[in-house]
Every structure is written in C-alpha cells, then in structure tokens.
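The values are calculated or read from the model by the stated rules, or taken from the named source; none is laboratory data. Everything numeric in this text was worked out from a predicted model, so none of it was measured. All Cβ positions, glycine included, derive from the backbone under ideal geometry; neighbour counts span all protein chains shown.
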Amino acid sequence: MKLSLFVHMERTTPEESQEKLHDEMMQLCEIADQGGMHTIWTGEHHGMNFTIAPNPFINLVDIAHRTKNVRLGTGTVIAPFSHPIRLAGEAAMTDLVTGGRLELGIARGAYSYEYERLMPGLTAWDAGQRMRELIPAVKKLWEGDYAHDGEYWSFPSTTSSPQPKQQPHPPIWVAARDPNSHEFAVKNGCNVQVTPLHQGPEEIERLVTCFKAACDEFKPEKPLKIMLLQHGYVAENDADAQQAAEELNRFYHYFGAWFKNERPVSQGLIQPLTEEEMAANTYYNAEMMRKNLVIGSPNEVITRLKKYEQMGYAEFALWLDSGMTFARKKASLERFIRYVMPEFH
C-alpha cells in the first residue's frame, strides 16, 4: 500500500499570516518528498479560510519546484466549476510542467457554501451529473479533435492544448461514496478516492466493497486502484494521542458547521463555535475520533493501516488538516515517515 499526504493551507484565525501558512505547507510537502511519500494531494475550495486552495494546479506546480520524486494530485478538482476544455488544458499543462507527475482527482464538490456562490441553485445531484459528463469529455480532448454536444457543455472540434506528458493521459481519480459513483468510475477506467470522514471500520469496509463489486461487474481493461483518505496522527505517548483526538474533534465540529452552511462567515472565517455549542453537539466527540481515526502510537497506526491494506486499499493518504499547530503536524508527519512508512516499503 502506497502512503501519501493530503494537505491545504488551513487558516483558523485572522491573526495568522497567509504567507506563513504557505511557507509551512511547503515545508510539510518537502518533508513528505524527502521521506519517500508517494503523492501529495491538495484540493479546490473557494472563499473558505478553512481550506485555502482556489486552484490546486497552482499549488502543485509550486510544490513540483520544491520536490523531486513525489507525485502530485488534485484531491480534488470540483467538476461543476470547470469547463472541459479548460480543465483538459490546465491539467495537461500541469503534467507537462511537473515532468509527468500529475494525478488528476475529480469530484462533484461537497459544500453548499461554494455552490451558492459560484453556481447558485446547483444541487449535489446536478453537480454529480456534470462530473459524469466532464470526465469522458476531458479524456476525448486529450486524444484531440473532439466535438461535444452534451447536456451541460457544447463546443466544436477541439484539441487540448497542450497535451499531457503522460500517455495516454494522467491517472484519473473519482471521489466516490455511493455504489453508482464507484460504477461510473470503473466503467470509465478511473481510480477511486474515498473518505469515511469521522466514521469507523464499517464505513471503510463498505467503501472498498463498493469498489470491488464495481470492478467485478464491469471488469476494467486495466487494474484500477482505490485510495483511502483519512485523518491520522502518530503520537509520542497516550497523552499526545488524546490531545490529537480532542483537536480533531474540534476540527470536525468546524467541518460540520461549514457543511451545514448556517453560521455567519466574515473574511473567509466562520463565526467561532463556543465550547458549549461543541459540547452540546453529540454527533462528534473525542472518544469517537480516538476510536475511528488513525490516531495512536506508531505500532497502533501500523496495525490500523495493515488492516486497510488487507481490505484492498492500494493507497492511504494521511489527511493533515486538523486545526493543530504547525509544530504538531510536523512532528506527527516526521514520526509517520520514520516509524510507519518502513513497514510498507
């Protein structure tokens, strides 16, 4: 199983310098590359300091110039916000500039906060349908001289300019949750990215079962892979692990608040949650985080990841966004590389 990193600039207070956050993110990416991690993944988000990433291709080109070996993934491009011609060209240019290191992850998007600002009235269903039209069109544009007449986009014969370095094209990953999404990915020759968020082993098993069922039914021409994206923290001791669980509990309360899209937002920052509000929201708690996420000593983390490998996951991406200090993120990542990764080489 390949081990990778998933990271954004993550701003939680207006006092935090954006330049400093960028520098810290780059340091983490350099550590991941020097430590032999497989891929660095970063996503696309708009108007949210919670995850600062307006264009993942800019980030990946930036990271490419600071790294040597690590592959560079979009985790993920939001399909309804992209035109097929533009996405095909930007992805191909990124692949060219990075020396053929691009992994292209695509999703329908998740935050209604973004939908109502970039495409008012967009629903999750419509976003999913746009993704299903977008991906085959991008692949055809990479082949060249392709005309499209679809439900959402129409254009005369066009070729992606430039064309990607990797041939026939960079690996494509689809963010999937329900069986239909797994089936779409497999039928279109795409790998699959999944995240159980804060949920436990049953959801992790369900997601890989959906992928295997789709592969059994549609029998892809070449082997496809499934990647698990999940929060983790390699702890120094039990107290350190408990602190990480509490920090990730706070992160998920804020994640849930952004997802519900009900709280005021000012200058890209959501109205702070009070301790009383978080205590009253029993949907998330620190005990759940400690149990369900990859938190613990190096041996505990290795044991958990070995189970994922046995389930059939080909890649695990360590989700580092957490609300923790840079020092704590860095220390956990370094322990992950030093103690955990050798068990998977």
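General observations
- The listed residue being closer than 13 Å to residue 114 by Cβ and of a type in the set (Gly, Ala, Ser), out of 53, 32, 64: 53
- Evaluating residue 256 against the criteria (1) among the small types (Gly, Ala, Ser); (2) farther than 26 Å from residue 109 by Cβ; (3) surrounded by fewer than 20 Cβ atoms within 10 Å (Cβ to Cβ) leaves one unmet condition, (2).
- Members of segment 202-234 found to be part of a loop (DSSP other than H, G, I, E, B), among the basic types (Lys, Arg) and more than 20 Å from the chain's Cα centre (by Cα), listed by number: 219, 222
- Selection from segment 202-238 of residues that are buried (at least 16 other Cβ atoms within 10 Å of the Cβ), hydrophobic (A, V, I, L, M, F, W, C) and more than 26 Å from residue 332 (Cα to Cα): 207, 208, 210, 211, 214, 215, 218, 224
- Candidates 60, 122: the one that is among the hydrophobic types (A, V, I, L, M, F, W, C), part of a helix (DSSP H, G or I), farther than 19 Å from residue 190 by Cα and touching a residue at least 40 places away in the same chain (Cβ under 8 Å) is 60.
- Within segment 1-21, residues that are surrounded by fewer than 22 Cβ atoms within 10 Å (Cβ to Cβ) sit with their Cβ atoms under 7 Å from residues that are at pLDDT 95 or above and of a type in the set (Lys, Arg), at 6+ positions apart or across chains, in these pairs: 18/11; 21/11.
- When residues of segment 298-336 are limited to those that are more than 20 Å from the chain's Cα centre (by Cα) and among the polar types (S, T, N, Q), the one surrounded by the fewest Cβ atoms within 10 Å (Cβ to Cβ): 310
- Residue list for segment 33-44, filter: in contact with a helix residue (DSSP H, G or I) (Cβ under 7 Å, 6 or more places away or on another chain) and either outside any loop (DSSP other than H, G, I, E, B) or more than 25 Å from residue 336 (Cα to Cα) (or both): 40, 42, 44
- Scan of segment 1-56 for residues that are within 17 Å of the chain's Cα centre (by Cα) and charged (D, E, K, R), ordered by number: 2, 10, 44
- Selection of segment 90-119 for residues being over 21 Å from the mean Cα position of the chain (by Cα), assigned to a helix (DSSP H, G or I) and not basic (Lys, Arg) yields 96, 97, 116.
- Residue 27 fulfils the conditions (1) surrounded by fewer than 24 Cβ atoms within 10 Å (Cβ to Cβ); (2) in contact with a Leu (Cβ under 7 Å, 6 or more places away or on another chain) except for a single criterion, (2).
- Residue check, residue 226 among the aliphatic types (A, V, I, L, M), within 30 Å of residue 283 (Cα to Cα), touching a Pro at 6+ places or on another chain (Cβ under 6 Å) and touching a residue at least 12 places away in the same chain (Cβ under 8 Å): no
- Here 241, 245 are screened, and the one residue that is surrounded by 14 or more Cβ atoms within 10 Å (Cβ to Cβ), over 23 Å from the mean Cα position of the chain (by Cα) and in contact (Cβ under 8 Å) with a residue 40 or more places away in the chain is 241.
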